[in-house]
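Chemist: Handing you this structure, nothing more for now.
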Amino acid sequence: MSDKNQKEKEITQSSDLYVRIYYDKKGTVGKRYFRQDEIGTPFCFTIDGQTFVDGTVTVRYRDTRKQERIHVSKIAEFVKEKMKF
């Protein structure tokens with residue numbers, strides 16, 4: 001299993017996440033963001049080259065298109081905070 005596939009599995013199968021996860025690797029990142037924007041996904045996480053350097057992912061917000069980086073270990077906490085769990 002590649003490093004990217006392992007990281008994807010680690011994130012999408014986290015038992016700490018209490019929301020539906022949709023993993024999309026079809027097309028360019030811009031097209032993926034567009035698809036998620038259209039269905040109303042409030043934010044997306046992107047695994048990229050930097051993820052393997054420092055363990056962070058890009059978070060992109062649908063409404064503002066603002067982006068920030070957070071550590072993979074903070075994803076569940078981030079989701080709970082944003083979704084008010």
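Chemist: Once you charge only the Cβ atoms, +1 for Lys and Arg and -1 for Asp and Glu, what is the size of the charge dipole of the chain about its Cα centre, to the nearest 20 debye?
Modeler: Approximately 280 debye in magnitude.
Chemist: Would you compute, from DSSP H runs of 4+ residues alone, the mean residue ellipticity of the chain at 222 nm, taking -39500 (n - 2.57) per run and dividing by the full residue count, rounded to the nearest 500?
Modeler: Computed ellipticity for the chain at 222 nm equals -12000 deg cm²/dmol.
Chemist: Here is a further query. Lys7 to Arg20: extension gain in nm, 0.36 nm per residue of separation minus the Cα-Cα distance?
Modeler: The Lys7-Arg20 span can extend by a further 2.9 nm.
Chemist: For the chain, what relative contact order do you get, as a whole percent, if you take Cα pairs closer than 8 Å and at least 6 residues apart?
Modeler: 22 percent
Chemist: Return the lysines within reach of Lys9: Cα separation strictly under 20 angstrom, same-chain partners fewer than 8 residues apart disregarded; answer none if there are no such residues.
Modeler: Cross-link targets: Lys25, Lys26, Lys74, Lys80.
Chemist: Among Gln50, Ser2, Phe34, which residue has its Cα positioned farthest towards the positive end of the charge dipole of the chain, with +1 placed on the Cβ of Lys and Arg, -1 on the Cβ of Asp and Glu, and the dipole taken about the Cα centre?
Modeler: It is Phe34, whose Cα lies furthest towards the positive end.
Chemist: Whole number please: convex hull volume per residue of the Cα set in the chain, in Å³?
Modeler: Cα convex hull per residue, to the nearest whole number: 100 Å³.
Each value in this text was obtained by applying a stated rule to the coordinates, not by laboratory testing. All values reported here derive from a predicted model rather than from experimental measurement. FYI the Cβ positions are ideal-geometry reconstructions off the backbone, even for glycines, and counts take in every protein chain you see.
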